[in-house]
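Just below is one structure, and these are the notes that go with it.
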Amino acid sequence: MKSNFLYSFAIFSLFFIFGCKQSDKEKSTKISTVINSIKYAKGLELYKYKGFRIMKVTKAWPEATTEFIYILKEKNGVVPDSLKQFPIISIPLQSIVTTSTTHIPALEMLGVENTLIGFPSTNFISSSKTRKRIDAGKVHEVGVNERLNTEILINLKPDAIVTFGINNNNSTIDNLKKSGLSVLINGDWTEQSPLGKAEWIKFFGALYNLDDVANSIFKSIEQNYTTALDLAKKTTSIPTVLSGAMYQDQWYVPQGESWASLFLKDAKANYLWNNTKGIGSLSLPFEKVFEKGQNAEFWIAPGDFSSLKQMSESNSHYTEFASFKNKKVYSYAVNKGPKGGIIYFELASARPDLVLKDLIKIFHSELLPNYKPFFFKKLE
């Protein structure tokens with residue numbers, strides 16, 4: 001569920017902001033070298049100055065042309081006049097409302113989960129740590145993403161609301177802003193690179209003035225991913241892989257440039273639709289999928305099925321695939337939270353290193369003999 005809202009900022013240049021006519025107060029906020037601290041994420045930029053940060057979300061949704069700019073001000077920090085046209089958020093945050101389960105792991109890894117005071121449809125959250133806070137009444141229901149409850153949010157008075165969007169139309173978000181609430185858009189879901197998605201922990205690190213902690217966490221994930229990637233390169237076998245399942249009359253498979261497809265490539269598998277263009281899903285008739293994938297060695301992520309029996313009862317044609325017959329079907333849907341939320345949907349984007357190791361274990365078990373998959377389970 002993605003929220004739509006209208007909000008635009010002017011594009012600025014750092015030369016204009018810190019030009020030759022700065023006041024003495026403005027000059028005191030400038031540091032000698034300012035570089036974007038983001039390495040992989042395509043839709044996020046972070047610039048750290050003395051007393052404040054400039055955070056830019058450059059790709060809030062696919063094909064977005066609007067750039068969102070936020071000024072994160074530390075206590076006693078001085079923000080130049082030329083930046084005061086943009087939203088200014090005091091950091092570190094003491095309270096937050098988020099609207100995507102993918103935000104929960106970042107808060108927990110940073111150790112600031114106790115600042116979460118609101119979330120839409122809390123049953124979707126799987127983390128046991130955050131569920132305890134929900135059960136204790138410390139995290140309030142704030143509606144659903146498309147219809148956030150403005151009255152509840154105004155009463156909660158969070159330091160910030162972090163949401164996401166499909167495009168730039170959302171009257172609810174506009175009303176929240178008009179009510180004086182700070183609303184930030186997060187574009188982590190638009191990233192296709194596994195490490196690009198994970199790097200958005202730096203978005204939350206900046207909001208809590210925990211940049212060093214976020215950088216350290218991400219560096220560890222990056223190193224783990226790179227190590228697994230190097231390990232996969234040692235294999236000489238490249239198994240064929242089928243993915244997806246039927247929905248109504250069509251079979252949906254990940255497109256070749258998608259996040260899911262890139263994992264399969266990095267795990268040294270021959271995903272049968274890896275040459276297709278696009279980052280979403282490809283809709284195909286059953287006959288086309290069967291023609292191409294009936295002899296695939298592995299079947300990864302067959303929808304939300306959690307057993308082979310469930311699959312065959314849903315569609316008897318599934319049993320005709322070699323991967324089904326040989327019981328080489330692996331799903332992320334087996335591991336669920338207390339309320340039925342699939343843990344993979346919440347945590348996988350934050351831990352691409354675990355996803356990659358799972359797939360390497362499935363395709364090339366000899367490379368990780370003692371590893372137990374975290375997300376993917378073999379269907380019985």
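The values are calculated or read from the model by the stated rules, or taken from the named source; none is laboratory data. If you're wondering where the values come from, they're calculated on a predicted model, not measured in any experiment. Please note: Cβ atoms are built from the backbone with ideal geometry, for glycine as well, and neighbour counts cover all protein chains shown.
Against the definition (touching a residue at least 12 places away in the same chain (Cβ under 8 Å) and under 29 Å from the mean Cα position of the chain (by Cα)), how does Phe305 come out, yes or no?
Yes, satisfied.
Looking at the range 109-126 only, could you name the residues that are in contact with a Ser or Thr (Cβ under 9 Å, 6 or more places away or on another chain), in a helix (DSSP H, G or I) and either closer than 16 Å to Phe345 by Cα or of a type in the set (Ser, Thr, Tyr) (or both)?
Passing the criteria: Thr115, Thr122, Phe124.
So Phe5 fits all but one of (1) at pLDDT 50 or above; (2) touching a helix residue (DSSP H, G or I) at 6+ places or on another chain (Cβ under 8 Å); (3) under 20 Å from Asn186 (Cβ atoms); (4) assigned to a loop (DSSP other than H, G, I, E, B); what number is the exception?
Just one mismatch for Phe5, condition (1).
For the range 127-235, list the helices (runs of 4 or more DSSP H) that sit wholly inside it and hold at least 2 residues that are surrounded by 14 or more Cβ atoms within 10 Å (Cβ to Cβ) and in contact with a Gly (Cβ under 8 Å, 6 or more places away or on another chain); which are they?
150-156, 211-232
If only one of Ile125, Ile89, Ile117 is closer than 16 Å to Leu210 by Cα, touching a helix residue (DSSP H, G or I) at 6+ places or on another chain (Cβ under 9 Å) and not acidic (Asp, Glu), which one is it?
Selected residue: Ile89, the only one of Ile125, Ile89, Ile117 that is closer than 16 Å to Leu210 by Cα, touching a helix residue (DSSP H, G or I) at 6+ places or on another chain (Cβ under 9 Å) and not acidic (Asp, Glu).
Can you find, within the range 243-271, the residue that is surrounded by the most Cβ atoms within 10 Å (Cβ to Cβ) among those that are more than 30 Å from Glu366 (Cα to Cα) and of a type outside the set (Ser, Thr, Tyr)?
From the range 243-271, those more than 30 Å from Glu366 (Cα to Cα) are 246-252; that's our starting set.
From what's left, of a type outside the set (Ser, Thr, Tyr): 246, 248-251.
Values: Met246: 19, Gln248: 6, Asp249: 8, Gln250: 15, Trp251: 24.
Here the answer is Trp251.
Residues that are without any contact (Cβ under 8 Å) to a residue 40 or more places away in the chain, touching a Phe, Trp or Tyr at 6+ places or on another chain (Cβ under 8 Å), surrounded by fewer than 18 Cβ atoms within 10 Å (Cβ to Cβ) and assigned to a loop (DSSP other than H, G, I, E, B): does the range 80-98 have at least one?
No: the range 80-98 contains no residue that is without any contact (Cβ under 8 Å) to a residue 40 or more places away in the chain, touching a Phe, Trp or Tyr at 6+ places or on another chain (Cβ under 8 Å), surrounded by fewer than 18 Cβ atoms within 10 Å (Cβ to Cβ) and assigned to a loop (DSSP other than H, G, I, E, B).
If you take the residues of the range 99-122 that are crowded, with 21+ Cβ neighbours inside 10 Å and among the small types (Gly, Ala, Ser), which of them is nearest to Ile201 (Cα to Cα)?
Checking each candidate, the answer is Ala106.
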